[in-house]
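Enquirer: Structure provided below as structure tokens; questions to follow.
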Amino acid sequence: MSGDFDSARIMDGLAAIADKAGDIVREGASRGRKIRHKGRIDLVTETDVAVETMLKGELAALLPGSDFLAEETAKDTEPGELTWIIDPVDGTTNFAHGLPYVANSIALWRRDRVVLGMVNMPLLGERFTAVEGVGAFLNGKPIRVTGEADLEQCVLATGFPYDIDAHLEDILKNLRTLLPVAQGIRRGGAAAVDLAFVACGRLDGFYERALNPWDTAAGLLLVNEAGGHVTEYDAAAPYTFKSRSILASNGRIHGELSGLLMWD
């Protein structure tokens, strides 16, 4: 990154903003949650809206001239020259049911790529951060992906799209293929958390379809900076925000996983 872009200053400011986001999430978790449905199983709470509103105001002040791509207000999925990509509460369904796998996912896109990201998990007291070329961290300590190369020793994670009917057959096919050959498959319900867990070595791999930029932007930088690899299900296809699928792993099992997954 060029010298006119002070990533350390921005990350310092982002830490204070994440503290505020965490306060809103914890306060919301301590009382009854007002929920409305965007779809049959796609929820939004007043906490989602409150966090997004706060983030937009604070991030605009931190980096004047930046744009926003945010879950609750996005008109499209194409970032501009300098764009904050945010999911105010990734894992809204978890949050609505009192499950702690909830994250504020915040990433900064600059020119043609994500240059910094944060997955803040206030209900678990964990904050994952990454800066391009600097590394990935959990609560300030460096993290790395696992070195496991034997799929039988690997724990994977996946997720289920809100449009479950359109993806049900390939979800079931991939589970039938992978369950007998992996040590286990988990479904945490928040893609940003799953990607952060790949980055820190709690998971060896993660795959899912039909995600949006705000689900993956911060997490993909975490995985890359922690030494992992991120593509589409097809390992030869780089992951972009237009991709229909994402495969993130420690890199050692990436090709084997890609060969087992149903792409289309």
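The values are calculated or read from the model by the stated rules, or taken from the named source; none is laboratory data. Small disclaimer: the values here were computed from a predicted structure and weren't measured. Cβ: placed from backbone, ideal geometry, glycine included. Neighbour counts: every protein chain shown.
Enquirer: Identify, by number, the condition in (1) β-branched (Val, Ile, Thr); (2) in contact with a Ser or Thr (Cβ under 7 Å, 6 or more places away or on another chain); (3) within 22 Å of Asp150 (Cβ to Cβ) that Ile246 doesn't meet.
Expert: (3)
Enquirer: If I filter region 239-256 for residues that are at pLDDT below 95, on the phi > 0 side of the Ramachandran plot and small (Gly, Ala, Ser), do I get at least one hit?
Expert: So far as region 239-256 goes, no, none of its residues is at pLDDT below 95, on the phi > 0 side of the Ramachandran plot and small (Gly, Ala, Ser).
Enquirer: Would you call Gly135 over 14 Å from the mean Cα position of the chain (by Cα) and surrounded by fewer than 15 Cβ atoms within 10 Å (Cβ to Cβ)? Quick ask: steps written out before the conclusion?
Expert: Numbers: over 14 Å from the mean Cα position of the chain (by Cα): yes; surrounded by fewer than 15 Cβ atoms within 10 Å (Cβ to Cβ): no.
Considered against the rule, which asks whether it is over 14 Å from the mean Cα position of the chain (by Cα) and surrounded by fewer than 15 Cβ atoms within 10 Å (Cβ to Cβ), Gly135 comes out as no.
Enquirer: While we're here: How many of the residues making up region 216-246 are within 19 Å of Gly189 (Cβ to Cβ) and surrounded by fewer than 24 Cβ atoms within 10 Å (Cβ to Cβ)?
Expert: Selection size over region 216-246: 1.
Enquirer: I need the full set of residues from region 180-207 which are buried (at least 24 other Cβ atoms within 10 Å of the Cβ) and not in a helix (DSSP H, G or I), in order please.
Expert: Ala190, Leu203, Asp204, Gly205, Phe206
Enquirer: Among the listed residues Leu211, Leu168, identify the single one that is closer than 22 Å to Val115 by Cβ, of a type in the set (A, V, I, L, M) and either in contact with a helix residue (DSSP H, G or I) (Cβ under 9 Å, 6 or more places away or on another chain) or outside the structural domain of Ile86 (by TED's automatic domain parsing) (or both).
Expert: Details: Leu168 fails: closer than 22 Å to Val115 by Cβ.
Sole residue among the options that is closer than 22 Å to Val115 by Cβ, of a type in the set (A, V, I, L, M) and either in contact with a helix residue (DSSP H, G or I) (Cβ under 9 Å, 6 or more places away or on another chain) or outside the structural domain of Ile86 (by TED's automatic domain parsing) (or both): Leu211.
Enquirer: Sticking with this structure for a sec: Which one is farthest from the chain's Cα centre (by Cα) among residues in region 138-159 that are aliphatic (A, V, I, L, M) and closer than 20 Å to Asn94 by Cβ?
Expert: If we take residues in region 138-159 being aliphatic (A, V, I, L, M) and closer than 20 Å to Asn94 by Cβ, then Val155 is farthest from the chain's Cα centre (by Cα).
Enquirer: Right, next: Please identify the pairs in which a residue from region 107-134 that is in the same structural domain as Val25 (by TED's automatic domain parsing) and assigned to a loop (DSSP other than H, G, I, E, B) has its Cβ atom under 6 Å from the Cβ atom of a residue that is among the β-branched types (Val, Ile, Thr) and surrounded by 20 or more Cβ atoms within 10 Å (Cβ to Cβ), counting only partners at least 6 apart or on another chain.
Expert: Cβ pairs passing all conditions: Pro122/Val25; Leu123/Val102; Glu132/Val115.
Enquirer: Filter region 160-177 down to residues that are at pLDDT 95 or above and within 22 Å of the chain's Cα centre (by Cα) and give me whichever is surrounded by the most Cβ atoms within 10 Å (Cβ to Cβ).
Expert: Asn174
Enquirer: Just checking, which of Gly91, Gly140, Gly98, Gly117 is loosely packed, with under 15 Cβ neighbours inside 10 Å and within 20 Å of Ile17 (Cβ to Cβ)?
Expert: Of Gly91, Gly140, Gly98, Gly117, the one residue that is loosely packed, with under 15 Cβ neighbours inside 10 Å and within 20 Å of Ile17 (Cβ to Cβ) is Gly140.
Enquirer: On to the next question. Sort out which residues of region 207-264 are over 20 Å from Gln153 (Cα atoms), of a type outside the set (D, E, K, R) and over 16 Å from the mean Cα position of the chain (by Cα), and write them in order of number.
Expert: Tyr233, Ala235, Ala236, Ala237, Pro238, Met262, Trp263 - these are the residues of region 207-264 that are over 20 Å from Gln153 (Cα atoms), of a type outside the set (D, E, K, R) and over 16 Å from the mean Cα position of the chain (by Cα).
Enquirer: Here are some residues: Gly28, Gly13. Which one is part of a helix (DSSP H, G or I), modelled with pLDDT of 95 or more and surrounded by 12 or more Cβ atoms within 10 Å (Cβ to Cβ)?
Expert: Sole residue among the options that is part of a helix (DSSP H, G or I), modelled with pLDDT of 95 or more and surrounded by 12 or more Cβ atoms within 10 Å (Cβ to Cβ): Gly13.
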